[in-house]
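Structure first, commentary second.
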Amino acid sequence: MKIVIIGDGKVGHKLTIQMSEENYDVVLIDQNEGKLKEALNSMDILCITGDAADAEVLKEAGISEADLVVACASTDELNMMSCLLAKRLGAKHTIARVRNPIYYKQIHLLKDELRLSMAINPEYTAALEISRAVLLPDTAKVETFMKGKVEMVEHIIRENSRLEGVSLAEVYQILQIKILVCAVRRGNDVIIPDGDFVIHVGDRLHIVASTKAIEQFFSALGKKRKVKNVLICGGGRIGYYLARQLVYLGIRVKIIEIDKRRCESLCESFPKATVICGNAADHELLIEEGIEQADAMISLTGVDEENIILALFARTKGVEKVVAKVNEESRVHLVEELGIDMIISAKSVTADTIMSYVRARQNSLRSINVESIYQLVGGRVEALEFFINENTKYTNIPLKDLATKSNSLIACIGRGREIIIPGGSDEIKAGDSVVVVTTQKKLQDITDILV
């Protein structure tokens, strides 16, 4: 699969590394020759120096043979123009990063004209991920499958949790709620657990279930709290999109932003929100503005260190849901150990979304019916949604007779409007959607997880 990446910025560089490691045929285009030399020295890729709005540069990159073009250069205009040219020159699929809220608001009008396969807005995508986690306060991350009917949430086991020291078999038996713990991160270890697995403090459980069952699960744990007041530190693009989503849902939002003009713009956009012009790093200001009464605090300033300190300060003031924007990947693991619920990076969210699309495209070329792919636990676990077109050797057989490998499991079956958290007597049938969780890479078919 040949992939052309336009722009060696944060997103482009991360994508190039991931795709190179997975042995895709990658061509990287950028105008900065120095940056390209660094990329060429560290990765097995082809680099082209030039402006991607120039058709001759695209031709030099072999654009007519490209299966996918990903445009993530510094400007939206360049990304959209280069995608349009790439399609005209024969590229099969194109993805453009579009950050400007005005452009993105009308992207449905532009998408057909530009012949885009996907348009992605990093800040909007990051805000959407934060809002999903905020609406489920006891989760660190939320992914959705089967058109939103199934959720996979990450739940961190804190001290005094009712689940501490309890085996999964006991959890399922006591709660009588249709959920499945499909993966656990314990320190640096990743485990696909069975019923004998005993839960410890600090474990990060990845739980799959219907939306209703997830709510029942947290309610059974005594966690019925709903988020009503959210404090957002930083009114940039992520803050803007997040505030728009939360205000729409009727949540009281307060934004602290240091730039006066930005504050005026936010006031015009969100008359129902409270906008404070001030420095969110001022702890006295945070106390004055009611951080101790906030149900959630989201730190989205432009400085990683400031976001980390703000998140830790919020923890000391009893804020139960804390999210911090951290762009530098080397800091992420450290921050998780400090007890911050959720780390967000627009760069990582964008790269992960595009990589999921790439893997789905790759599987479609192999005639594998993958609807969606998500990376969990820093990419060490994948959750794949398959659509079963027809009867096969693994359909209409009880799952207890389909022994799976220790690093894989069948997490969920969707049959029409019914969501099945499978037991031994359940069967996969033609027409089902099936979610598989595995530590295997480049899964070819469900048969790959069978012994």
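The values are calculated or read from the model by the stated rules, or taken from the named source; none is laboratory data. Worth saying up front: this structure is predicted, and the values here are computed from it rather than measured. Every residue, glycine as well, gets a Cβ built from its backbone with ideal geometry; the counts of neighbours run over all protein chains shown. The accessibility values were calculated without ligands, DNA or RNA, using every heavy atom of the protein model including side chains. Shrake-Rupley method; radii C 1.70, N 1.55, O 1.52, S 1.80 Å.
The figures follow:
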read-out: Cross-chain or 6+ apart pairs with Cβ under 6 Å, the range 228-251 first and aromatic (Phe, Trp, Tyr), then in a helix (DSSP H, G or I); value: Tyr241/Glu123; Tyr241/Tyr124; Tyr241/Ala127
read-out: Of all residues in the range 7-28 being more than 13 Å from Val70 (Cα to Cα) and in contact (Cβ under 8 Å) with a residue 60 or more places away in the chain, the one that is surrounded by the fewest Cβ atoms within 10 Å (Cβ to Cβ); value: Glu22
read-out: Residue match in the range 205-212 (condition: open to solvent by 30 Å² or more (accessible area, probe 1.4 Å), touching a strand residue (DSSP E or B) at 6+ places or on another chain (Cβ under 6 Å), modelled with pLDDT of 90 or more and closer than 22 Å to Ile344 by Cβ); value: no
read-out: Within the range 369-398, tally of residues that are surrounded by fewer than 19 Cβ atoms within 10 Å (Cβ to Cβ) and either more than 14 Å from Val435 (Cα to Cα) or aromatic (Phe, Trp, Tyr) (or both); value: 14
read-out: Test: residue in the range 337-346 that is at positive phi, modelled with pLDDT under 90, outside any helix (DSSP H, G or I) and open to solvent by 10 Å² or more (accessible area, probe 1.4 Å); value: yes
read-out: Search result, residues across the range 399-414 that are within 25 Å of Leu376 (Cβ to Cβ) and either open to solvent by 70 Å² or more (accessible area, probe 1.4 Å) or not in a strand (DSSP E or B) (or both); value: Leu399, Leu402, Ala403, Lys405, Ser406, Asn407
read-out: So Lys178, is it under 18 Å from Val437 (Cα atoms) and assigned to a loop (DSSP other than H, G, I, E, B); value: yes
read-out: Tally of residues being crowded, with 22+ Cβ neighbours inside 10 Å, over 20 Å from Ala411 (Cβ atoms) and hydrophobic (A, V, I, L, M, F, W, C) across the range 213-236; value: 4
read-out: Some residue of the range 420-427 being more than 28 Å from Val358 (Cα to Cα), out of contact with any helix residue (DSSP H, G or I) (no Cβ under 8 Å at 6 or more places or on another chain) and assigned to a loop (DSSP other than H, G, I, E, B); value: no
read-out: Residues of the range 125-153 that turn out to be touching a Leu at 6+ places or on another chain (Cβ under 7 Å), touching a residue at least 60 places away in the same chain (Cβ under 8 Å) and in a strand (DSSP E or B), as a count; value: 1
read-out: Residues of the range 65-124 classified as within 13 Å of Gly7 (Cβ to Cβ), in contact (Cβ under 8 Å) with a residue 24 or more places away in the chain and in a loop (DSSP other than H, G, I, E, B), total; value: 4
read-out: Check on Thr16, modelled with pLDDT of 90 or more, of a type in the set (Ser, Thr, Tyr) and outside any helix (DSSP H, G or I); value: no
read-out: Residue count, the range 254-302 (criterion: under 26 Å from the mean Cα position of the chain (by Cα) and open to solvent by 40 Å² or more (accessible area, probe 1.4 Å)); value: 2
read-out: Yes/no for Ser269 being among the hydroxyl-bearing types (Ser, Thr, Tyr) and either closer than 19 Å to Glu154 by Cβ or free of Cβ contacts under 8 Å to residues at least 12 places away in the same chain (or both); value: no
read-out: Residue within the range 39-48 that is assigned to a helix (DSSP H, G or I) and in contact (Cβ under 8 Å) with a residue 60 or more places away in the chain present; value: no
read-out: All positions within the range 60-98 that are among the polar types (S, T, N, Q) and surrounded by fewer than 17 Cβ atoms within 10 Å (Cβ to Cβ); value: Ser64, Ser74, Thr75
read-out: Residue satisfying all of: in the range 428-451; assigned to a strand (DSSP E or B) and in contact with a helix residue (DSSP H, G or I) (Cβ under 7 Å, 6 or more places away or on another chain); most open to solvent (accessible area, probe 1.4 Å) among these; value: Ser433
read-out: Residues within the range 136-163 that are surrounded by 15 or more Cβ atoms within 10 Å (Cβ to Cβ) and on the phi > 0 side of the Ramachandran plot, tallied; value: 1
read-out: Any hit, the range 99-118, residues being touching a His at 6+ places or on another chain (Cβ under 8 Å) and over 25 Å from Gly236 (Cβ atoms); value: yes
read-out: Qualifying residue in the range 164-173 (condition: among the polar types (S, T, N, Q), open to solvent by less than 60 Å² (accessible area, probe 1.4 Å) and in a strand (DSSP E or B)); value: yes
